[in-house]
Protein chains: 2
Amino acid sequence: MTDQLMTIRQMCDDFGVTPRTLRFYEAKELLFPVREGQKRLFTRRDRARLKLILRGKRFGFSLEDIRQLLDMYGMGDQQQAQLTRTFELAVKRLHEMEAQRDELNEAIDELKEQLAWGEQALAKFHAAKAAE
Amino acid sequence: MTDQLMTIRQMCDDFGVTPRTLRFYEAKELLFPVREGQKRLFTRRDRARLKLILRGKRFGFSLEDIRQLLDMYGMGDQQQAQLTRTFELAVKRLHEMEAQRDELNEAIDELKEQLAWGEQALAKFHAAKAAE
DNA sequence: CGTTACGATTACGCTCACGTCAACTTCCCT
DNA sequence: AGGGAAGTTGACGTGAGCGTAATCGTAACG
């Protein structure tokens with residue numbers, strides 16, 4: 001199998017992140033690039049993980065949360081308890097996100113009202129100006 | 001008018017925040033408690049603002065964002081230039097909020113898919129266990 | 001053989017929204 | 001007068017998620 005080892009630069013270009021970020025993720029044990037002498041080489045597995053990391057971030061998970069989720073993905077069929085815990089974590093996040101969305105929608109509606117008010121105030125100014 | 005001036009303690013108890021937080025908000029010009037000698041006394045206006053601040057935070061806005069929005073809420077009918085500027089700011093914020101909501105909805109959908117996958121994985125575990 | 005390019009490590013910096021002392025002052029209660 | 005509660009102003013600490021040099025190694029190009 002062509003394991004398609006990639007340099008840090010290729011990774012950055014592919015995923016739109018900086019070298020610093022990838023090194024940081026390695027330090028945090030989110031990625032495990034192999035070494036060719038000094039240099040990091042990222043495996044197919046690292047790429048899969050990075051994809052999940054970036055998605056996790058969009059979900060609003062912390063890197064530590066993500067690390068635990070990732071450890072799960074790689075887990076054998078044994079530790080079911082871990083899987084269950086992780087599942088619950090995700091469900092919790094989902095509810096948080098939905099709540100946040102609902103509040104956001106409320107805020108948007110309120111802001112729209114404020115804007116209508118502001119628009120009207122502006123119109124009055126313009127009318128006053130036109131009447132001079 | 002009974003302006004119901006409140007001490008910092010009363011405010012903290014009412015709103016579930018710490019004194020540090022209220023002082024911090026004053027330093028950031030989000031609140032403007034009056035002084036009785038050394039002590040801060042929070043007005044009805046401060047309470048209204050604090051309510052909005054906390055709501056804004058739940059929406060995920062920065063304190064600086066909130067400060068600008070609050071300035072808008074309090075504006076009288078006079079300074080048109082200010083109003084116009086603020087109006088534009090609000091419109092921009094609205095678009096940002098709507099974009100954020102859309103992203104959030106996408107993330108929610110993705111996460112739901114993941115959960116379906118996880119649920120299935122869990123079901124398999126249970127099935128395997130039952131088959132022993 | 002020099003320079004450019006890419007990569008490495010070390011380590012300090014930064015933003016945000018406060019927490020956490022420390023070292024007072026002021027007021028009330030006994 | 002003594003003591004405690006509640007307040008004040010600094011000033012430094014925290015944690016996440018990297019940014020940003022500074023300095024060094026190595027390999028290829030011309």
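The values are calculated or read from the model by the stated rules, or taken from the named source; none is laboratory data. Just so you know, these numbers come straight off a predicted model, no measurement behind them. Methodologically, a virtual Cβ is constructed for each residue, glycine included, from the backbone with ideal geometry; neighbour enumeration extends over all protein chains shown. The accessibility values were calculated without ligands, DNA or RNA, using every heavy atom of the protein model including side chains. Shrake-Rupley method; radii C 1.70, N 1.55, O 1.52, S 1.80 Å.
Residues of the stretch B:42-66 that are away from DNA strand C (no atom under 13 Å from the Cβ), open to solvent by less than 40 Å² (accessible area, probe 1.4 Å) and of a type outside the set (Val, Ile, Thr): B:Phe42, B:Asp46, B:Arg49.
Please work out if B:Met97 is at pLDDT below 75 and in contact with a Ser or Thr (Cβ under 8 Å, 6 or more places away or on another chain). Please lay out each step first, then the result.
On the way: at pLDDT below 75: yes; in contact with a Ser or Thr (Cβ under 8 Å, 6 or more places away or on another chain): no.
The answer is no for B:Met97.
Table: residues versus (1) out of contact with any Phe, Trp or Tyr (no Cβ under 8 Å at 6 or more places or on another chain); (2) at pLDDT 75 or above; (3) assigned to a helix (DSSP H, G or I).
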position: B:Ile66; (1), (2), (3): yes, yes, yes
position: B:Asp77; (1), (2), (3): yes, no, no
position: B:Lys92; (1), (2), (3): yes, no, yes
position: B:Leu111; (1), (2), (3): no, no, yes
position: B:Leu115; (1), (2), (3): no, yes, yes
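State yes or no: is B:Leu52 away from DNA strand D (no atom under 11 Å from the Cβ) and at pLDDT 75 or above? When the stated conditions are applied, B:Leu52 passes them.
For A:Pro19, indicate whether it is near DNA strand C (Cβ under 9 Å from one of its atoms) and surrounded by 19 or more Cβ atoms within 10 Å (Cβ to Cβ).
On the way: near DNA strand C (Cβ under 9 Å from one of its atoms): yes; surrounded by 19 or more Cβ atoms within 10 Å (Cβ to Cβ): no.
No: the conditions fail for A:Pro19.
Scanning the stretch B:101-132 for residues that are open to solvent by 60 Å² or more (accessible area, probe 1.4 Å) and among the polar types (S, T, N, Q) returns a single hit, B:Gln120. Residues in the stretch A:16-31 that are touching a Lys or Arg at 6+ places or on another chain (Cβ under 8 Å) and within 19 Å of A:Arg44 (Cβ to Cβ): A:Leu22, A:Glu26, A:Glu29, A:Leu30, A:Leu31.
Contact map, the stretch B:110-121: residues that are facing another protein chain (nearest Cβ under 7 Å) paired with residues that are not aliphatic (A, V, I, L, M), Cβ distance under 6 Å, separation 6+ or inter-chain. Pairs shown: B:Leu111/A:Phe59; B:Gly118/A:Phe87.
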